[in-house]
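*Asks:* One structure coming up, written as structure tokens, with questions to follow.
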Amino acid sequence: MAVGARSGHDDPEEGHEQLAESPEIVTDDTTERGNGNHDGAGSGAGDGGSTEMRKQRSFWKELPLLIGIALLLALLIKTFLVQAFSIPSDSMQDTLQRGDRVLVDKLTPWFGSEPDRGEVVVFHDPGGWLEGTPTPETNVVQNFLSFIGLMPSAEEKDLIKRVIAVGGDTVECQKGGKVQVNGHPLNEEGYIYPGNTPCDDEPFGPIKVPEGRIWVMGDHRQNSLDSRYHQELPGRGTVSTDEVVGRAFVVAWPVNRWSFLSVPDTFDQSGLGTAAAAASAAAPGALGLAGALPLVLWRRRRLTAGGTAR
């Protein structure tokens, strides 16, 4: 009994001690973890709020910089790569309609590329072509957007036509006939305005296009004051390639008229560029001969002088 009494008394005491110690350990750990969690959550919330505020402040501070970079890129693109132009007349129907917006490639001319036959190009007024044409009034916003290239320029007097002949070509068109380049007639049914004749309203030629210049015509032949109508001016209606802004390569607006401005197949016919190509090929040879001739004469004279001395 004594043993049993002692055992019954001791076991609960040991159990009591175990139970008493366990809550203290659990409580301490829990308290420490709770405090840690609380502190951590509080610190995280504070840091997160500060970070969010810093992000918000940084965004508004960086916004003017982002806008400045975007405007600078737009200006660089407009100056060196691509520029938008608006079509103000009907001279290029049906290829281009009044109000169309075209994108003009300004990059390739920087690398020495010159306009080719069949391309649609934008060029500055060579002088006298747009005399008397009123300039639309614009506001400050329109002028700024035009300056950076986000809106077609309204103040610059530019024209858009199709290149028919280039430097070295001979171009002509007689009433009732077709336009001929280097003696090859052009099949223009695919791009001139329906019902128009190639040149019955203003026959011309033959005209030899000087090097570095182009002969241009509108696709709406009976509604286009093109090269044919400015033969009394210097250049006899031709346009200097230095005045060319670039090639119009796509109709960008309105969306339902989006299309590429490709070169018609008639300009790819065999032999069309023979004369111009021959002239271009002959020029380096002539220059080389002119440069070599003095050297040959000088060497011949030296040999002759040496033979006489002997």
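*Asks:* Is it the case that ARG228 is under 22 Å from CYS199 (Cβ atoms) and either touching a Ser or Thr at 6+ places or on another chain (Cβ under 8 Å) or in a helix (DSSP H, G or I) (or both)?
*Replies:* yes
*Asks:* Regarding SER240, is this residue surrounded by 19 or more Cβ atoms within 10 Å (Cβ to Cβ) and within 29 Å of THR108 (Cα to Cα)?
*Replies:* Considered against the rule, which asks whether it is surrounded by 19 or more Cβ atoms within 10 Å (Cβ to Cβ) and within 29 Å of THR108 (Cα to Cα), SER240 comes out as no.
*Asks:* Of the residues VAL250, VAL239, which single one is over 13 Å from ARG101 (Cα atoms), touching a strand residue (DSSP E or B) at 6+ places or on another chain (Cβ under 7 Å) and in contact (Cβ under 8 Å) with a residue 24 or more places away in the chain?
*Replies:* VAL239
No value in this document is a laboratory result; all are computed from the given coordinates. The model shown is predicted, which means the values in this text are computed figures rather than measured ones. Ideal geometry is used to build each Cβ from the backbone, glycine not excepted, and the neighbour counts take in all protein chains shown.
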